[in-house]
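I have placed the structure first, in the form of structure tokens, so that the comments after it can refer back to it.
The values are calculated or read from the model by the stated rules, or taken from the named source; none is laboratory data. Just so you know, these numbers come straight off a predicted model, no measurement behind them. Please note: Cβ atoms are built from the backbone with ideal geometry, for glycine as well, and neighbour counts cover all protein chains shown.
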Amino acid sequence: MSLRARIFCAMVLATLCLGLLGAALVWQSLAHARQQQADRLLQAQAATWQRLQAQQMQQLQSLAAQLAAGPATREALAQRMQAMARAHAGLRIDLFDEHAEMLATTVAGAFPEPFLDPLALAHGRHDAASIQGLQQLPQRRYGWLQPLRAGPYLLLLGQDAAQLLPLLAERLPGQFHLLNLRGTRVAASTDEARLFARPVVPARTPQVMTLDAGDPRLAGGPALQLVSQPLIGAQGRVIGSLAWSRPVAQELQQDRQFMQYAAAQIVALVALLTAGLFVFLRHALDPLARNIAVLERLAAGHTEAALVAGEVDAEDESGSVARGVTQIRSELLSLETLRQERVRTRRQQERLIRDQLRSLAENLDPGSREDILQALGAPGVTTPGTPSLPAEAPNVLADLASILGRMSGLVSTQQSRLLKLLREVQASVQTQAMLASLQQELEIAREMQLSILPRQTPDRREVEVAATMIAAKEIGGDFYDYFAIDDDHLAVVIADVSGKGVPAAFFMAISRTLLKSNGLFLRTPGATIAALNDQLCNENDQMMFVTVFYAVLQLSTGRLTYVNAGHNPPLLLRQGGAEFFPKGRNMGLAVLDGQQYHEGTLQLDAGDGLLLFTDGVTEANDAQGALYGDLRLLQAVQSFEARPDRRGHARQLAEHVVAQVRRFEAGAAQADDITVVALTYRGTAA
């Protein structure tokens, strides 16, 4: 790049820096104004939400006082609960006993889910403030809870927070949304509120963010500004966020017009300064440019190049350059003579090196040797010596050095390939030996796992039991068992150990052995599972756990007593239909010792049945990765029970369920063990 160009670029760069500095100041001013507006929006949103929340809690406390004014019996409380819920939209009231069991609720349904889990309810009995206030409710909802102690009972009054969103929209223009901790919307101020294509608002910090119309996080529509406040629960933790969306398309358009106007002014100023600098430099550097042109011709070997008369006598910098150019011309002839001598000497060195390289090439493999010999015979290398060599003769030494480097690389490559091949052969032999040993050990472990499962069904006319287990390629931890406790009681169990491989198989064997031993001694499911949990918690260094469904059936009466320790709820088959057991409240085994496990009871009539299964059934997937799921399982069982000719046959039911799962997988790889146990109670008259 010429001196004129460098000076011009430097001046232009300085001008651009000034322009960018001005643009930065304008941008900083606009950003400061936006930040002030964002702070005002956050303050307005927070103040409005706090006022509405205080009003809501005052209303719940008032309703709690009205509910407490009256007899504290279960029937009287239930009647007042229903009357109050009908009089106040969105109000829900739950009644619990001293064991955290829900006795009544104002929500319809077969198995309504309580406001809080039993652990939180038990804590709330001693510390009402821990559950009073904003809470995350079932079915991804938020609301305010007000506890009330009425004799031995505990009442929870809850108001859905979604009903306050329209009030917020009336006081602050825009739409309001309730978002969970993952940023997914669970409620909005109106049904017409816009949806987001994916979560966009962080739940734990206040934030104001603007989404343009083309932002992929929006599901279409104009630009929005999102004002987000975290929702603080009763325990002082963040449980979600409140988002306020307001259209800002007009504000963004005004900002863009202002920035475009400022940018246009800065560009015009920079262009004007650049044009002035170009004219000035062109007139100031013309003499220097002519001297440089003459010097370039002399450097190319054109000694006839001459300067303009009078330039040598100039007193400025151009005159000094002209005198230097004249001196350079006088030295060119001497330089040419020395160059010819140097070329001649170089040719002799090239010829000697070429002969040595040909001798070395004979030791290479045939393919590489021909390649090197062909390169040595190229015209640029094998040019014969001449008495007079041109000054621009090619530098063959560089070509010979390149050929020498290639030869060194070929030799090194041959040696490396040989060493690599030897290492690969050695590693392959070791790997094959280890693989064969591991495959043999895994096959032995699989056979041991299957051998300990029961092979014969109970020989009792009151009940039919059928089980099917399809093991995956990798050793898993599923197991099932059924055994007689005495002449009138039959125990049935299905379980799933966490993890895969040999550790899971051994943990399964230990769990099955201890469970059967405890079941024969302790007899009741609750005591049996509690004892098994304490035994498995001891020395559980691998931190494994197991989910269990254990039931004891009294054959003479059909009474079923069971404990579900974190396992998939079984299916109850009755009168041609099927439904899932209620979800259990017990945790899995080997997690925490000293636990009490709650029992459930069920009366089976003749013809009723159970279907026990592990998560290998509901989590089976097809080639696209879709899961089989609880719904497909329920439909498969219902279709089986709908036909009277197949109803009540446990073996056919188990085979039907496995066949439906296999048809859904459609050849996809089995990821987990598939275990199914079907039981049909035939009664004492069978």
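Okay, here's what the table says:
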read-out	value
Selection from region 156-170 of residues that are surrounded by fewer than 22 Cβ atoms within 10 Å (Cβ to Cβ) and more than 14 Å from Gln53 (Cα to Cα)	Ala169, Glu170
Test: residue in region 624-632 that is within 20 Å of Val463 (Cβ to Cβ) and either modelled with pLDDT of 90 or more or loosely packed, with under 15 Cβ neighbours inside 10 Å (or both)	no
Residue list for region 98-129, restricted to those being under 15 Å from Arg74 (Cα atoms) and surrounded by 16 or more Cβ atoms within 10 Å (Cβ to Cβ)	Ala100, Met102, Ala104, Thr105, Thr106
Number of positions in region 154-189 that are in contact with a strand residue (DSSP E or B) (Cβ under 6 Å, 6 or more places away or on another chain) and either assigned to a helix (DSSP H, G or I) or among the hydroxyl-bearing types (Ser, Thr, Tyr) (or both)	6
Any hit, region 71-86, residues being in a loop (DSSP other than H, G, I, E, B), without any contact (Cβ under 8 Å) to a residue 60 or more places away in the chain and either at positive phi or surrounded by 14 or more Cβ atoms within 10 Å (Cβ to Cβ) (or both)	no
Search result, residues across region 457-467 that are more than 46 Å from the chain's Cα centre (by Cα) and without any contact (Cβ under 8 Å) to a residue 60 or more places away in the chain	Pro458, Asp459
Filter result (at pLDDT 95 or above and part of a loop (DSSP other than H, G, I, E, B)) within region 648-682	none
